[in-house]
Amino acid sequence: MAAASVQVGFAGSGTVLERLAFPLTQAVEEILRHREDFDEQALHRLEGHRTLLLSLVQEGVPALGDEPGPERVAQQADLLKRWRAAEKGLVATLRRLGDSLHGHVDDVKELEEAVQARVAARVQAATAGTTDTQEELRSFLGLRRAGKRSAEFHAERVLELLDRSKAGDAAGEGRRYSIQRIWNTWFKAGSTGRVGTGVILVPILVGLVSGWAAVAAQNQSTTAFGRTLTGDQPLAELRIFGDPAQVPDYAVPPLGEDHPSNAETLTLGYIRDRMQRSADREDIALLPDHLELTVALLPIDDYVDYQPHSEYDHRIVIDYWDLLEAYQEIRQDIADQYPEVINSATGEIELGQAILPVWLFDDDSYAPGLPLTGEISAGVDSRLGQYYFVATEPVRRNLQDDGSSIPLGSMVAYDLQELGRTMEYNHQVAADVSPQALFWAGAIAGWTGSQAALLVLVAAVQALSQVVGSRAARRQLAVVRDRLNQLALGLDLSRIDMVAVLGGEDGHYGEAAEADQRLYEAALVTAWREVQVLESLPRRQQRGPQWASRVAQMDRLVASLSERDVDVAQRALALLRS
């Protein structure tokens with residue numbers, strides 16, 4: 001209906017032309033403020049084209065009460081013809097101005113996208129967000145473009161190139177702008193698609209690395225002796241089977257001073273302390289599991305027969321089968337005194353219990369045997385019971401020809417930690433998994449976990465960004481409201497400056513000044529209403545990129561109106577003083 005009103009000459013058609021003219025004339029007005037960047041003749045031509053277009057806006061407002069008729073239709077047809085001619089002149093001038101700044105173009109396609117975004121943003125601001133294009137209105141009016149691109153496009157192109165030239169003037173600013181352009185390209189324009197691509201690619205890379213790491217770990221893993229021990233359990237309880245008075249004193253004083261007697265070292269506190277000291281200094285650890293120890297003080301002649309070792313003076317030899325019978329007898333004797341150590345049903349040592357035989361000799365020497373436990377020797381590298389020669393060929397200690405005596409409690413602590421080492425290697429199982437299956441299992445697990453973590457991270461960042469952006473947009477909206485209040489207070493003075501002073505001449509200049517002022521006031525009303533709408537929205541709707549974009553558009557519009565108001569006041573003052 002609005003387009004038809006122009007074609008048939010209805011009253012009020014000026015508002016349609018104002019809608020067409022305002023984005024273009026506002027952009028041209030911003031260009032005219034950059035007088036230091038162009039030659040005066042080019043700017044004079046541009047200002048003349050803008051004045052002509054504004055006078056056509058004024059001419060397109062028929063007197064109220066005029067009836068449509070053939071004469072009015074002819075007048076409007078002639079008006080649209082002159083409108084096209086005015087736009088054609090604007091396009092030619094703007095193209096020349098843009099070409100003079102073309103040295104600041106790095107990527108033509110990216111430049112065109114940026115210019116189109118500026119055109120859409122200006123139209124949205126001028127129409128309070130109802131539309132971002134004027135093509136439909138122009139097609140109804142029969143206003144074909146003066147070239148491949150619209151006049152608005154060429155005007156915004158000049159402004160975009162001006163912004164880029166200003167950004168590149170300072171030393172190093174060109175690089176900063178390029179980095180900013182890359183940021184805008186990759187993280188703002190089309191960011192949803194790129195974030196989605198990242199959410200897919202990053203987990204895939206993490207999954208592949210996880211798969212390779214799993215295979216590498218399998219290849220490097222070993223069940224053999226030599227790995228770092230992890231036992232951290234101290235001895236839980238100590239029992240003594242036999243008469244501690246039978247423990248002989250030192251045959252040779254031990255190194256150092258203030259040692260307790262040999263029998264006094266057979267205490268839980270002393271053994272724990274020696275084990276902890278060794279774990280702190282050496283490549284040894286504490287026990288891997290809960291363990292209670294029974295030290296069995298056994299006169300050797302009461303249990304087994306032995307022979308001197310043929311090669312080592314300090315060793316003796318015990319028959320293996322005799323030793324097994326002696327172990328059975330030892331378990332029975334200990335069960336009578338400590339029934340919790342032996343399983344009554346099987347006669348075997350309970351799990352979590354251990355027995356350390358200490359053979360006592362008539363010459364006050366003694367020989368610790370092999371610790372006995374309830375553990376079953378199993379696994380790919382178990383050594384429980386494999387060192388039977390420790391039991392059948394024990395080493396006698398506390399002899400007169402020893403350089404120094406070692407406290408019996410220290411030897412018990414050492415044997416316990418060696419038992420703990422052996423227990424850590426018990427029950428080990430080598431997984432029979434192919435490298436391919438392990439790779440894909442690790443890759444899928446890594447991909448799934450990293451994708452979930454990345455999605456949570458992206459969601460958190462987007463939520464935080466929306467919160468921060470919304471708060472900034474609300475502060476920006478308050479500033480826009482203050483600017484509008486100032487412009488409204490100075491509206492009467494602006495009307496006098498523009499119409500009475502600058503538009504006091506006859507002809508096109510007077511009509512252009514009136515039209516310019518009407519466009520300014522219409523834009524002011526549009527901005528005021530849009531700000532009211534934005535402020536009245538519920539708080540839950542005052543967030544997100546769409547709302548922030550509307551606020552930014554109003555900020556740009558009001559900033560441009562403020563600059564126009566200052567420019568008009570300065571020009572009017574200069575004219576009055578001349």
Dipole of segment 237-427, positive direction: furthest Cα of Q307, P260, A413, with charges on the beta-carbon: A413
Could you report the accessible area of D362 in Å², rounded to 10, computed with a 1.4 Å probe on the protein chains as they sit in the structure? 140
Any idea of W547's accessible area? Nearest 10 Å², probe 1.4 Å. 10
Whole-number value, in Å³ per residue, for the convex hull of the alpha carbons of segment 267-332 is 171
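Does segment 257-300 come out rounded, prolate or oblate, given a ≥ b ≥ c as the square roots of the eigenvalues of its C-alpha gyration tensor, rounded meaning a/c under 1.5 and, failing that, prolate meaning a/b above b/c? Display every interim value, and only then the final one.
On the way: a/c = 2.29, a/b = 1.23, b/c = 1.86.
The shape class here is oblate.
Rank these by accessible area, largest first, 1.4 Å probe: Y270, Y366, Y414. Each step should come with its number before you reach the end.
Numbers: Y270 35, Y366 0, Y414 140 Å².
Listed by decreasing accessible area, they come as Y414, Y270, Y366.
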Using a 1.4 Å probe and ignoring any ligands, DNA or RNA, find the accessible area of I355 and quote it in Å² to the nearest 10. 0
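So for Y320, Y306, Y425, what's the accessible-area order with a 1.4 Å probe, most first? Mind showing how you got there, number by number?
Working: Y320 95, Y306 70, Y425 5 Å².
Putting Y320, Y306, Y425 in descending order of accessible area: Y320, Y306, Y425.
Determine the shape class of segment 237-427: with a ≥ b ≥ c the square roots of the Cα gyration tensor eigenvalues, call it rounded for a/c under 1.5, and otherwise prolate if a/b is greater than b/c, oblate otherwise. Present the calculation step by step, with values, prior to reporting the outcome.
On the way: a/c = 1.39, a/b = 1.15, b/c = 1.22.
Rounded.
Between D305 and E535, 0.36 nm times their residue separation minus their Cα-Cα distance comes to what? The partial results should precede the final answer.
On the way: separation 230, 0.36 × 230 = 82.80 nm, distance 10.30 nm.
So the chain would gain 72.5 nm between D305 and E535.
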Leaving ligands, DNA and RNA out of it, rank E36, E563 by accessible area with a 1.4 Å probe, largest first. E36, E563
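If you put +1 on each Lys and Arg Cβ and -1 on each Asp and Glu Cβ, how big is the dipole of segment 268-425 around its Cα centre, in Debye rounded to 20? Write down the numbers at each step before the final one.
Values: 10 positive and 31 negative charges, 117 e Å.
That gives a dipole near 560 debye.
Please tell me which of these pairs span more than 21 angstrom C-alpha to C-alpha: K88/K166; K81/K148; K88/K109? Don't jump to the answer; show the numbers that get you there.
Working: K88/K166 28 Å; K81/K148 18 Å; K88/K109 24 Å.
Long pairs (Cα-Cα over 21 Å): K88/K166; K88/K109.
The values are calculated or read from the model by the stated rules, or taken from the named source; none is laboratory data. Everything numeric here is computed off the predicted structure, so don't read it as measured data. Every residue, glycine as well, gets a Cβ built from its backbone with ideal geometry; the counts of neighbours run over all protein chains shown. Note: areas computed on protein heavy atoms with side chains; ligands, DNA, RNA excluded. Shrake-Rupley method; radii C 1.70, N 1.55, O 1.52, S 1.80 Å.
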